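The values are calculated or read from the model by the stated rules, or taken from the named source; none is laboratory data. On a predicted model such as this, the values are computed, not experimentally measured, just so you know. Note: ideal-geometry Cβ built from the backbone for every residue, glycine included; neighbour counts use all protein chains shown. In case anyone asks, the SASA skips ligands and DNA or RNA and just uses the protein heavy atoms, side chains included. Shrake-Rupley method; radii C 1.70, N 1.55, O 1.52, S 1.80 Å.
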Amino acid sequence: MADRVTVIGWDGSPLTAAARSALAAATLVAGAPHHLALPEVSQRAERIRLGSVALAARRIAGHRGTAVVFADGDPGFFGVVRTLRDPEFGLEVEVVPAVSSVAAAFARAGMPWDDAQVVVAHRRTLRRAVNVCRAHTKVAVLTSPGAGPAELGLLMEGVHRTFVICEELGTEHEQVTVLTSDKAADRTWRDPNVVIVMGGPAGPTVSGTTAEGWIAGRDPSAVARGWTLPAEAYGGQLGEGETDLLRAAQLARLGPRVGDLVWDIGCGSGAFAIEAARAGAAVIAVDRDTQACTRTDSAARSFGVHLQIVQGDAPHILENLPEPDVVRVGGGGVAVVSAVADRRPQRIVAHASTRDEAELLGRDLTEHGYHVECALLQSVELDTRAWTETERSVAFLLSGLLPERVS
């Protein structure tokens, strides 16, 4: 095992005394080509071009001597420190930090970033990174080859955002470009780069809060309490399948979360779509009725959440929508449920007013390979002044879980 391992963050600034001292003593140095070319790297040291961090860590673990690992930005922020400290390698490291690439990008843009979401985009996580950009107003994306600005722009079709693209930060080739998301695919971008994605509605104003904030990323106090809000919050115009308790049960079954894309088919007033968005998910709300789309858009603006609203008849309108993670079917019957199941989302919920209809929906989900559950939900609202019944609703709630996509 290496006698000593020092991780040096590099942001283009002159190396600190601690970094120079570690390099002078190093018998092995790992890093990108521009790190290994630095004059402070000893000619006597073994040099490893850093590709796979795990492979480098294994090599360092078997090295007798002192080692230095270079990383761009702060190596403790989505960097190599996590991998090097994995128990598999048994390495204890000392860290010389630098300004992170995200901090540098926001500094170049002259913007605060304590209210930003930060995501890493690889080929396998690109879709989830895009969903975060769909759902939030300020996101920093640490990109990688094959999951860069062009790919982000292509996958955000139908959602308008502004990109601030920071290429090769800290080098003499550094460049900052501002353009709209639909133009990002028209150019070739140099790695490494960071993309700041901005746009969408501002968050709702909440009395009693200050502009200073107290938590990074997203202020929970800006979100109204409760999974579901009463009908009055949506102007009292809720449809038959939008009751508070049914929505709460649907949300519990689907569990929308940050990084998910939710389809809400037959969005009605937009109540479910808005509450899924309040959970941090990206949401596409679909309805054939113009007034329903208008109501949903108005409600989304009042709650400060971003929805992509698509007007059209399901199931045909669903063909060109991006891949969903979870889906609520608010109307359309078996034809729509079947079309949704063909797209293989992890979870689907639907409701029916009769047992026969519930059986048809459940049978179709089962034939598509979903594990199906059904519950009869009955709610009775009471006037507590006289404890008399004011409203009763009954619905069959069906939920389908795709075993192959359980996560």
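Annotations for the structure displayed:
- Single match in 191, 186 (criterion: without any contact (Cβ under 8 Å) to a residue 40 or more places away in the chain, open to solvent by 30 Å² or more (accessible area, probe 1.4 Å) and of a type outside the set (Lys, Arg)): 186
- Residue within the range 5-20 that is of a type in the set (S, T, N, Q) and exposed (fewer than 14 other Cβ atoms within 10 Å of the Cβ) present: yes
- Taking the range 316-346 as the range and being without any contact (Cβ under 8 Å) to a residue 60 or more places away in the chain and crowded, with 20+ Cβ neighbours inside 10 Å as the test, the residues that pass are 318, 337, 341.
- Output for the range 238-262, where each listed residue is closer than 21 Å to residue 284 by Cβ, surrounded by 15 or more Cβ atoms within 10 Å (Cβ to Cβ) and touching a residue at least 40 places away in the same chain (Cβ under 8 Å): 241, 242, 246, 250, 253, 254, 256, 258, 259, 260, 261, 262
- Restricted to helices (runs of 4 or more DSSP H) entirely inside the range 1-80, those with at least 1 residues that are touching a residue at least 24 places away in the same chain (Cβ under 8 Å) and closer than 25 Å to residue 143 by Cα are 33-36, 53-61.
- Of all residues in the range 99-109 being open to solvent by less than 20 Å² (accessible area, probe 1.4 Å) and out of contact with any Cys (no Cβ under 8 Å at 6 or more places or on another chain), the one that is farthest from residue 19 (Cα to Cα): 106
- Test: residue in the range 234-253 that is under 20 Å from residue 361 (Cα atoms), in a helix (DSSP H, G or I) and acidic (Asp, Glu): yes
- Only one of the numbered conditions (1) surrounded by 20 or more Cβ atoms within 10 Å (Cβ to Cβ); (2) farther than 23 Å from residue 270 by Cα; (3) at pLDDT below 95 is not met by residue 300, and that is (2).
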